[in-house]
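Structure first, commentary second.
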Amino acid sequence: MAKIPLCVIGCGGMGHRHILAYRELENSGIGNIEIVAVCDLNPKNADLGAREVERLFGKKPMVFTDLDKMLARSDIAAVDVVTDPAYHHAVAIPALKAGKHAIVEKPLGLTVRACQAMIAAARENKVVLATAENLRRDPPNRLARSVLDHGLLDVPYLMIHNALGGDDQIIITPWRHLKDKGAIGLDMAVHYTDIVQYYMGDFDQIYGCGLIVEPIRRKPDNHGLDLESYRERYKTFPDQLQATGEDSVLAMYKMKSGAWVQFSYVGAGRGSGEFERSVHGRKAAMWAPGDRNGRPVSLRLGRGKELQGADILSLLPNFQMTEITNRLFDQKVVYELPFPPIDAKHMAIEFHDFGEAVLKGGTPEVDGHLGMTAVAAILGAYESAVAGRAVSMEEILSGKVRAYQEDIDVALGL
Ligand SMILES: NC(=O)c1ccc[n+]([C@@H]2O[C@H](COP(=O)([O-])OP(=O)(O)OC[C@H]3O[C@@H](n4cnc5c(N)ncnc54)[C@H](O)[C@@H]3O)[C@@H](O)[C@H]2O)c1
């Protein structure tokens with residue numbers, strides 16, 4: 001297989017961003033995946049996706065509205081699951097069982113059971129399962145991780161991760177406010193728990209809660225997203241809806257390393273885009289700029305000494321980024337670009353990594369297990385509030401603690 005023939009399943013807002021990212025992957029000169037098909041239950045979205053593929057690649061893909069018909073095709077080797085998260089497992093499991101390799105958007109599944117069912121299907125059918133987690137691919141995050149690997153902070157004892165903002169409007173789609181469809185507390189904060197595990201290693205103990213700060217969500221005045229599939233659905237949004245799923249998560253995490261993480265994601269705050277990501281050790285502290293903005297990492301060495309961005313590289317003899325990252329970001333750890341190309345480049349990197357795992361028989365950087373632990377770290381905070389105590393990651397992964405997830409599993413048929 002020179003290039004892996006792949007079907008994009010789910011041609012909503014993010015499906016379109018994925019298609020743009022496959023173009024970016026191709027532009028890198030080392031593309032390893034070809035979109036040969038698109039699939040969406042909604043024929044309008046399937047058609048929009050197909051037109052976008054044709055516009056960008058000059059070749060019309062096969063178009064499916066029926067998953068089984070697509071899975072029966074032996075000339076499709078892999079699938080990219082970009083449906084809303086409540087359906088990730090329902091789509092990925094039959095695909096994995098049909099012998100297709102799968103990359104699945106975050107959150108990998110809505111519950112630990114959903115994630116485990118996907119992981120088991122991949123293992124039993126000897127195919128690759130990757131989680132499409134894009135934020136860690138950002139060069140400033142690669143630099144931050146290297147600062148930690150080089151021990152420039154000494155042993156980190158604390159990470160602070162706070163993101164606040166979001167107001168009372170419907171965030172992108174109504175399903176992002178419904179517990180059994182993948183509410184924003186999980187949908188967004190799972191990116192940040194992945195960053196926590198990327199920087200700090202494995203989770204151990206979890207104490208926290210989920211909140212519905214804004215129970216009534218209102219139709220946004222201006223949707224602000226320039227994608228036809230979102231625009232079409234915006235017309236069908238209710239004027240307001242009752243949220244049933246968390247828009248916020250607060251947690252203290254104890255990591256296996258012994259370090260603590262103070263974590264909050266509030267997708268309803270009246271602040272606008274308040275953000276902090278910092279890691280503290282006895283020798284230095286590091287402030288990371290957040291994701292998809294290209295701003296510099298800052299390393300504060302004490303007594304007023306500070307290094308920023310590329311200047312930190314002089315202290316990192318082993319720093320390296322992957323070939324595709326260097327190609328797409330011109331070897332830079334600080335950059336200025338508009339959002340759409342940044343977004344496409346990050347996803348091109350994650351797709352390339354998935355493609356290499358398929359072609360060479362390796363493990364993708366964010367596999368099913370890491371996709372699951374990022375989800376379990378959020379669900380662990382919710383479970384901790386129900387249990388009224390701190391819970392361990394082990395209890396969440398073993399299913400010993402799952403009271404919060406029970407009704408979601410029933411709704412998902414798991
Ligand atoms: N990584 C990121 O930065 C990022 C950003 C946005 C969304 N996402 C993720 O992408 C995924 C999709 O989000 P979205 O905003 O595009 O949602 P969306 O609602 O806009 O689109 C989902 C699409 O999937 C289709 N679909 C649903 N069930 C299906 C099925 N069983 N078979 C085929 N098609 C089906 C729907 O018809 C729709 O077209 C979610 O998991 C979300 O968390 C990730």
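Put a dot 7 Å past the Cα of residue 301, heading toward its Cβ, do the same for residue 162, and the two dots end up 2.8 nm apart.
Apply 1/(1 + (r/R0)^6) to the Cβ-Cβ distance of residue 219 and residue 244, taking R0 = 22 Å, and write down the FRET efficiency to the nearest 0.05.
Values: r = 17 Å, r/R0 = 0.79.
Rounded to the nearest 0.05, the efficiency is 0.80.
Under a 5 Å amide H cut-off, with hydrogens placed 1.01 Å from N, residue 158 pairs with 260, 280 among residues at least 5 apart or on other chains. Considering every Cα-Cα pair within the chain, what fraction, in whole percent, is farther apart than 40 Å? That tail contains 13 percent of the Cα-Cα pairs.
Qualifying GluC sites (Glu not before Pro) in segment 307-392, where qualification requires a DSSP coil assignment and no more than 13 other C-beta atoms within 10 Å, comprise 336.
About its Cα centre, the dipole of segment 136-334 is roughly 380 debye, where the only charges are +1 on Lys and Arg Cβ and -1 on Asp and Glu Cβ.
DSSP beta bridges fully contained in the chain are about 55 percent antiparallel.
Extension gain, residue 282 to residue 57, is 75.8 nm, computed as 0.36 nm per intervening residue step minus the present C-alpha separation.
Calculate, in nm to one decimal, what residue 394 and residue 235 gain on full extension: separation in residues at 0.36 nm each, minus their alpha carbon distance.
Details: separation 159, 0.36 × 159 = 57.24 nm, distance 4.38 nm.
Computed gain between residue 394 and residue 235 is 52.9 nm.
Within straight-line reach of residue 179, meaning a Cα separation under 19 Å, sit the following aspartates and glutamates at least 8 residues removed in sequence or on another chain: 84, 105, 167, 168, 187, 214, 246, 247, 383, 406, 407, 409. Rounded to the nearest 20, the Cβ-based charge dipole of segment 5-156 about its Cα centre (Lys and Arg +1, Asp and Glu -1) stands at 140 debye.
Here is how the number arises for the chain: DSSP H runs of 4 or more residues each give -39500 (n - 2.57), the sum is divided by the residue count, and the result at 222 nm is -11500 deg cm²/dmol.
Since only 12, 25, 298 are under comparison, the one whose Cα sits farthest along the positive direction of the charge dipole of the chain, derived from C-beta charges on Lys, Arg, Asp and Glu, is 298. Within the listed set 391, 82, 375, the residue fluctuating most in the Gaussian network model of the chain (springs between alpha-carbon atoms under 10 angstrom) is 391.
If you place +1 on the Cβ of every Lys and Arg and -1 on the Cβ of every Asp and Glu, how big does the dipole about the Cα centre of the chain come out, in debye to the nearest 20? Kindly include the intermediate steps, with their values, before the conclusion.
Numbers: 47 positive and 53 negative charges, 88 e Å.
For this selection, approximately 420 debye.
Read the figures in this text as sums done on the coordinates, not as results from a lab. Note that the structure is predicted; figures quoted are calculated from it, not measured. When we count neighbours, we look across all protein chains shown, and the Cβ atoms used for this are built from the backbone with ideal geometry, even at glycine.
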